[in-house]
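Bear in mind these aren't lab numbers, they're just calculated from the coordinates by the rules spelled out. This is a predicted model, so every value here is computed, not measured. Cβ atoms come from the backbone with ideal geometry, glycine included; neighbour counts cover every protein chain shown.
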Amino acid sequence: MGRLVRTLAVSIALALTQGGTGHAADTIRLAVQKTGTFSWELAAIRDQGLDKAANLSLEVTELASTEPGKIAMRAGNADIMLSDWLWVSRERALGAKLTFYPYSSALGAVMVPAASPIRTLADLKGRKLGVAGGAIDKSWLLLQARLKQDGIDLKSDASIVYGAPPLLAAKALDGEMDASLNFWNFCAQLEAKGFRRLAGIEEILPRLGAKGPVAAVGYVFDEGWAASHRDVVARFIAMTRKAKELLTTSDAAWEKVAPLTGTSDPALLQAYRNRYRDGIPHRSIDDEEADARVLYRVLAEVGGRELVGPAPELDPGTFYHAPGGD
């Protein structure tokens, strides 16, 4: 009798262990910039229980900037982070087999005061222009490439001031420059203060050969990890798509995310919401990759080896193609 009881106990324990293992959520380690828009998306995911519905456990490491995320990715301490396909392609050329899946096509813009006499990009000639992100920032290089088509070498034909995005936004508000090229969220801040968008970077891409909006920022992960976790990656992508759809269609969902933006200004919140929604990708991976390949050549020509490293062309494995489709 005692042997029967012990046998039943062992059988029940094994069944519970096996059942728990079968239903345990798969863990994904995320490296996330604390003040970035990925944190907005994650807040919506958790609020709506989309992670649980996808049977995923999201372990989030919050970072002050994107650079520590790159270090974590290289060291194998993170499974997914946000970065751009330019960096991914460069890393692949240097031996790191990372891959990219579109997250957002939101790009920066050239902003001017509402009453500014500057009406076209050509009017930037001879003006003082603030540029966020440094001398090899993608948006800055694309803007230079576009104006070179009109015979304007903006780097030498204008007075260029490089600086951190928040500092440039503050200086623009103080009237210390004629125009500024900044990241999209800081452009939204200026927009809420009455500044005018002279031109969004997305507006100049067709003149550089792109056929549609290009997702500059995406989820980045190791292709070896993705190959061994295909179902996990598929569920992650489906989950984030649901979150984006929710933040696009539901103002109530957006209102719950709003506190993470760091502002209570209704005009700025509306600008954030609209620009975030405008940046949600809707194109196929093939179309995204084709345009990225075209723009990579433009960037390589303007930015040179300092920007793209040893590879003059976008690495063929840069974009992640999910098994069975996009």
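So here's what we get for this one:
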{"item": "Whole-number percent relative contact order across the stretch 109-208, with pairs defined as alpha carbons under 8 Å at least 6 apart", "result": "48 percent"}
{"item": "Protection-proxy order for peptides 24-37, 78-91, each taking the mean of Cβ atoms within 10 Å per residue, highest first", "result": "78-91, 24-37"}
{"item": "Environment charge of Gly175, counting only residues whose C-beta is closer than 15 Å and scoring Lys/Arg +1, Asp/Glu -1", "result": "+2"}
{"item": "Spacing of the two label points (7 Å from each Cα toward its C-beta) at Leu173 and Lys242, in nm", "result": "3.9 nm"}
{"item": "P(r) histogram, all alpha-carbon pairs of the stretch 13-150 included - 5 Å bins from 0, percent", "result": "2, 7, 12, 15, 14, 12, 10, 9, 7, 4, 2, 1, 1, 1, 1, 0"}
{"item": "Cβ-based exposure ranking for Ser250, Ser228, in which fewest neighbours within 10 Å come first", "result": "Ser228, Ser250"}
{"item": "Cα gyration tensor, the stretch 109-208 - rounded (a/c under 1.5), prolate or oblate", "result": "rounded"}
{"item": "Nearest-ten-degree value, helix 266-278 long axis tilted from longest Cα axis of the chain", "result": "70 degrees"}
{"item": "Additional length obtainable on full extension of the chain from Ala114 to Ile71, 0.36 nm per residue less Cα span", "result": "11.4 nm"}
{"item": "Placed amide H near Ala25: partners under 5 Å, 5+ positions off or other chain", "result": "none"}
{"item": "Simple Cβ-charge dipole of the stretch 81-152, Lys/Arg +1 and Asp/Glu -1, about Cα centre, in debye nearest 20", "result": "140 debye"}
{"item": "Net charge of neighbours whose Cβ lies under 14 Å from the Cβ of Ala75, counting Lys and Arg as +1 and Asp and Glu as -1", "result": "-1"}
{"item": "Packing-based ranking, highest mean first, of 265-277, 148-160 given that Cβ atoms within 10 Å are counted", "result": "265-277, 148-160"}
{"item": "Ranked by how many other beta carbons lie within 10 Å on average, peptides 126-136, 179-189 from highest", "result": "179-189, 126-136"}
{"item": "Volume in Å³ per residue [convex hull over Cα atoms, computed for the chain]", "result": "152 Å³"}
{"item": "Summed residue charge, Cβ within 13 Å of Gly309's Cβ, Lys/Arg positive, Asp/Glu negative", "result": "-1"}
{"item": "GNM top mover of Tyr296, Tyr103, Tyr162 - the chain, alpha-carbon springs below 10 Å", "result": "Tyr162"}
{"item": "In degrees, nearest ten, helix 285-303 long axis to first principal axis of the chain (Cα)", "result": "50 degrees"}
{"item": "Helix-only CD estimate at 222 nm, as mean residue ellipticity for the chain, using -39500 (n - 2.57) per DSSP H run (n ≥ 4)", "result": "-14500 deg cm²/dmol"}
